[in-house]
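One structure is given below, encoded as structure tokens.
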């Protein structure tokens, strides 16, 4: 199984700004998933993008996938203090279990 | 809906003691997983069960055993706890292993002295 590498490791923005975080992976995938983890809690699934999709939206979230560059990005628009969390990507290849990188720690200042 | 329930939430052990972490899901999911998360790190897969009756090793299985008791329950056992196993342990479940999101419990915080 492979894990994604999130970039940047940490990001601090003001409320109302957009936050962009990136994920790179090494081998071909079936899909890529993004998760959020609030402090002291388990991961929460945000969005799944399949390998034949280029962009997907869910509320204030926009995910893109570029399989030629083996990369994905997560954009959070009009961020809120409640978006403060760690964000993880999880690329999935074949019938294997997900693995996770170290994540991007997002701090949204009110 | 309870989702994924882990017990206990906190535990302190002495080196060499044994312990079983419990996990149950009420979503009728086929697949279940155990992860550990060390400070400032991502999650590392310990074991998973793609379906009832099967278990497979993940990235860091040494020092752990698992039991898929039935479709709902997946337990993780530390036979002889070591300080290096101090971590937060997360259980997750999904409908299947492919193209399916995982649902996580809130973790068990385990300290081994």
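Derivation of every value follows stated rules applied to the coordinates shown; laboratory data play no part. Since the model is a prediction, treat every value here as computed from it, not as a measurement. Using ideal geometry, Cβ is built from the backbone for each residue, glycine included, and neighbour counts are taken over all protein chains shown.
Would you order A:48, B:76, A:98 from fewest to most other beta-carbon atoms within 10 Å of each residue's own beta-carbon? It would help to have the intermediate numbers written out before the result.
On the way: A:48 18, B:76 23, A:98 30.
Lowest to highest Cβ neighbour count: A:48, B:76, A:98.
Taking only Cα atoms and a 10 Å spring cutoff, compute GNM fluctuations for chain B and point out the largest among B:54, B:20, B:97.
Result: B:54 has the largest fluctuation of those listed.
Taking square-rooted eigenvalues a ≥ b ≥ c of the alpha carbon gyration tensor, is chain A rounded, prolate or oblate, where a/c under 1.5 means rounded and, failing that, a/b exceeding b/c means prolate?
Prolate, since a/c reaches 1.5 and a/b exceeds b/c.
With all pairs of different alpha carbon atoms counted, what Kirkwood hydrodynamic radius in Å does chain B show? Show your work: numbers first, answer last.
Values: mean 1/r = 0.0721 Å⁻¹.
Across chain B, the inverse of the average 1/r is 13.9 Å.
Would you report the distance distribution of C-alpha pairs in the protein assembly as shown as whole percents per 5 angstrom bin, up to the bin with the largest distance?
P(r) for the protein assembly as shown, in whole percents per bin: 1, 7, 15, 19, 18, 16, 12, 7, 3, 1, 0.
If I take every Cα pair under 8 Å that is 6 or more residues apart in chain A, average their sequence separation and divide by the length, what percent do I get for the relative contact order? Spell out each step's value before the answer.
Working: 289 pairs, mean separation 44.6, N = 110.
Relative contact order for chain A comes out at 41 percent.
Evaluate E = 1/(1 + (r/R0)^6) for residue B:7 and residue A:102, where r is the Cβ-Cβ distance and R0 equals 35 Å; express this FRET efficiency to the nearest 0.05. Mind showing how you got there, number by number?
Values: r = 28 Å, r/R0 = 0.79.
For residue B:7 and residue A:102, the calculated efficiency is 0.80.
Mind giving me the FRET efficiency for residue A:75 and residue B:41? R0 is 30 Å, r the Cβ-Cβ distance, nearest 0.05 is fine.
Working: r = 25 Å, r/R0 = 0.82.
It comes to 0.75.
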